[in-house]
Structures are given as C-alpha cells and as structure tokens.
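One structure below.
What follows draws every value from the coordinates through simple rules; no lab data is involved. Only a predicted model underlies this, so the values are computations on that prediction, with no experimental measurement involved. Using ideal geometry, Cβ is built from the backbone for each residue, glycine included, and neighbour counts are taken over all protein chains shown.
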Amino acid sequence: MKKYLLLFIACSLSASLSAQNPAGAIDRFRAGFELGVNHSLLHSKEGLSEKIIMHNDIGFQMGMLMEYAFNDRFLISTSFGFSLNDSKVLKGTGELPYNVFGLSADFMIHGIYRFSTSGVCPYILTGPSFIHPMAIDRSNSAQFPTGNNISVDAGFGLEKAFGSLFIAPELRYSLGLSEVNRDPSLRTLTYHRVTFTFKFKG
C-alpha cells in the first residue's frame with residue numbers, strides 16, 4: 001500500500017507542476033489532486049433475513065486529476081485514485097462480515113459544465129466511473145472477493161481561483177449499475193456512494 005501512496009503523491013505533484021501555463025496563455029489543461037470523504041450505500045435488491053445487516057459508513061478518498069477545457073464553459077475531467085470505503089454485510093453472531101470495497105482503485109471520466117467564468121463558478125458534472133476492489137485477506141477462506149463496479153456519477157461544485165491555484169469543493173453521487181456480490185450466501189448487491197471532495201488544480 002505504501003508504494004501506491006508514494007507513486008500517487010509523486011504523480012500528483014509532477015502533473016500539477018507540468019500544467020502551469022505562462023501568463024496570458026489559454027488555460028486548456030489543468031492538473032492536480034483531490035482529497036475528501038465518502039459514504040457507502042450498499043444495497044440489496046432482494047429482502048434479507050433479520051440477522052443480516054447492511055453496514056454503511058464514512059470512508060476517505062484521494063486521487064489525481066487532469067482536465068481539458070473545450071471552451072470557457074465545457075470541459076472534460078479524468079481522475080484516478082484510491083478510496084478507503086466502509087461497507088460490509090454483517091451476517092450475525094459468530095460469522096465473519098463480508099467486506100465490500102474495503103480498499104478500491106477508482107477511475108472516473110466526467111463532463112463538466114460551468115455556469116459562469118469568473119469569481120465563484122458553480123458547475124455540474126456527470127459521467128461514468130469504474131471501481132476495482134483491491135483488498136482481500138486471501139489467507140482466510142471465509143473471505144470472498146468483490147466484483148468490479150461500473151457507476152454513473154452526477155454532482156455539482158463551486159470553483160474559485162486563488163492566483164494560479166483553483167480550489168473546488170464538489171459533491172457527487174455514484175449510482176452503481178453492477179452486481180458486485182461474490183458471496184454465495186447472499187444474493188444481489190449493488191454499491192452506491194456519496195462523495196464530498198476538495199479539488200486543487202493549477
């Protein structure tokens with residue numbers, strides 16, 4: 001895990017520095033990173049027995065991002081990062097919980113529309129995201145993996161420039177479309193998520 005974090009930090013700093021534009025140049029490309037929190041929303045399409053409980057709580061998220069502006073209003077944003085999610089199925093006394101997306105690698109492509117181009121700029125976003133599970137205790141035969149998740153994201157944010165640095169708090173909702181369950185004792189599980197992050201771009 002440490003090597004992934006070091007690689008992420010190095011890539012984020014490199015991308016942010018390389019995206020600096022000279023004064024007066026058209027700011028087509030931006031790069032930076034995001035830090036934030038998320039809340040998992042694990043859901044079962046079928047009814048569950050009384051002893052089975054869905055546990056959803058707050059996790060953490062970080063990632064590096066790059067943006068390309070087609071004009072002052074429309075741009076596309078790609079990001080790659082890691083999420084520490086708190087979502088699991090509690091099966092009852094004496095049984096190990098089924099951890100769903102404890103640690104995941106996330107890749108997102110979002111289209112963004114800005115409502116203004118100066119001052120505090122509100123914007124909306126939408127696009128697909130891909131979540132790949134990374135953490136599982138393979139030495140424990142009672143632990144089951146989690147399937148990859150494809151989601152549709154939608155959200156909004158506010159962007160403000162501080163010199164050459166742009167800061168944007170952003171709230172987004174991810175609607176999971178995939179069946180992620182690999183535990184034979186359970187049935188259909190879908191994974192959704194609410195994320196609040198701060199983006200730092202230059």
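Around the amide H of Asn181, modelled in the peptide plane, lie the amide H atoms of Gly147, Leu189, all under 5 Å away and 5 or more residues distant in sequence or on another chain.
The phi torsions of segment 100-116, fed into the Karplus equation with coefficients 6.51, -1.76 and 1.60 and a -60° offset, translate into couplings of 10, 6, x, 10, 9, 9, 10, 10, 9, 10, 10, x, 10, 10, 8, 8, 8 Hz, rounded to whole numbers, with Gly and Pro shown as x. The simple spin-label model puts a point 7 Å past each Cα toward its Cβ; for Phe107 and Tyr68 those points are separated by 1.6 nm.
In sequence order, segment 68-79 has phi-based couplings of 10, 9, 6, 7, 5, 10, 9, 8, 10, 10, 10, 8 Hz under the Karplus curve 6.51 cos²θ - 1.76 cosθ + 1.60, θ = phi - 60°, and Gly or Pro positions carry x. Put simply, when 189-196, 177-184 are sorted by average Cβ atoms within 10 angstrom per residue, most first, you get 189-196, 177-184.
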